[in-house]
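The values are calculated or read from the model by the stated rules, or taken from the named source; none is laboratory data. Small disclaimer: the values here were computed from a predicted structure and weren't measured. Because the Cβ atoms are built from the backbone with ideal geometry, glycine has one as well, and the counts that use them run over all protein chains shown.
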């Protein structure tokens, strides 16, 4: 259950910074990040490698601790949100256990939560249906394609019934045809579940296609260079990528990446 009302940002970040202490001295990963994520939004973080996209996602998930500024997730601290299982996390790799069937991979966090068998079975069935994998419950990960494995990972993240879904380049390793298909599937899933999504990507077309808001980040240290709202229709298909509106948004993202990128060593 969310502790925030409909007018409160699901994620509220103000002046956030993170500096890692290393043997070679301090490394400033994030600097003065201001960002609000509204309920039901699909927000993509895009920027060059090393700009802190994944670090920011990990701060939201309470996997990294900021050194300055403030952040709330679902109206509470990231730690409290994590302990309340307010979010699901989808990693770059599917991270499925090869000795567990698909159903038992989805069941793992539910077993940790101590849910009764009947409730676990209901959530497994419901969430595999959401990602169009009904009938694959007894298969093992090695019997599924890379794209199907990532859909299992999404089902597992959704099975804890979070308000927020955090996704770290889940389709980055897949070929373009599979990636396009999963982009359409993810958009349909988002429309069905009404979850709030924060999505890390390197792909401009992916960010523009999926998002209600695109956050362009610049490197060394990671900063928010531009925030681009999308007015594309919610029921869009891949054909929208040929429209002038899509091309204009993609151009703005590309220009933001160029302008925000530092080429100084």
Hits in the range 56-77 (condition: closer than 17 Å to residue 197 by Cα and at pLDDT 95 or above): 56, 57, 58, 59, 60, 61, 62, 71, 72, 73
All positions within the range 179-192 that are buried (at least 16 other Cβ atoms within 10 Å of the Cβ) and within 15 Å of residue 40 (Cα to Cα): 186, 187, 189, 190
Qualifying residue in the range 227-249 (condition: surrounded by fewer than 20 Cβ atoms within 10 Å (Cβ to Cβ), under 17 Å from the mean Cα position of the chain (by Cα) and part of a helix (DSSP H, G or I)): no
Any hit, the range 78-91, residues being in contact with a helix residue (DSSP H, G or I) (Cβ under 9 Å, 6 or more places away or on another chain), surrounded by fewer than 19 Cβ atoms within 10 Å (Cβ to Cβ) and under 28 Å from residue 131 (Cβ atoms): yes
Which numbered condition residue 65 misses (of (1) in contact with a strand residue (DSSP E or B) (Cβ under 8 Å, 6 or more places away or on another chain); (2) exposed (fewer than 15 other Cβ atoms within 10 Å of the Cβ); (3) not assigned by TED's automatic domain parsing to the domain that holds residue 257): (3)
Out of 169, 176, 161, sole residue that is touching a strand residue (DSSP E or B) at 6+ places or on another chain (Cβ under 9 Å) and surrounded by fewer than 18 Cβ atoms within 10 Å (Cβ to Cβ): 161
Hey, residue 102 outside the structural domain of residue 199 (by TED's automatic domain parsing) and crowded, with 21+ Cβ neighbours inside 10 Å or not: yes
Residue among 231, 226 that alone is out of contact with any strand residue (DSSP E or B) (no Cβ under 8 Å at 6 or more places or on another chain) and either farther than 13 Å from residue 43 by Cα or outside the structural domain of residue 127 (by TED's automatic domain parsing) (or both): 231
Counted residues, the range 41-54 - those being surrounded by fewer than 19 Cβ atoms within 10 Å (Cβ to Cβ) and either closer than 14 Å to residue 16 by Cβ or touching a helix residue (DSSP H, G or I) at 6+ places or on another chain (Cβ under 9 Å) (or both): 1
Test: residue in the range 209-223 that is assigned to a loop (DSSP other than H, G, I, E, B), touching a strand residue (DSSP E or B) at 6+ places or on another chain (Cβ under 6 Å), at pLDDT below 90 and surrounded by fewer than 24 Cβ atoms within 10 Å (Cβ to Cβ): yes
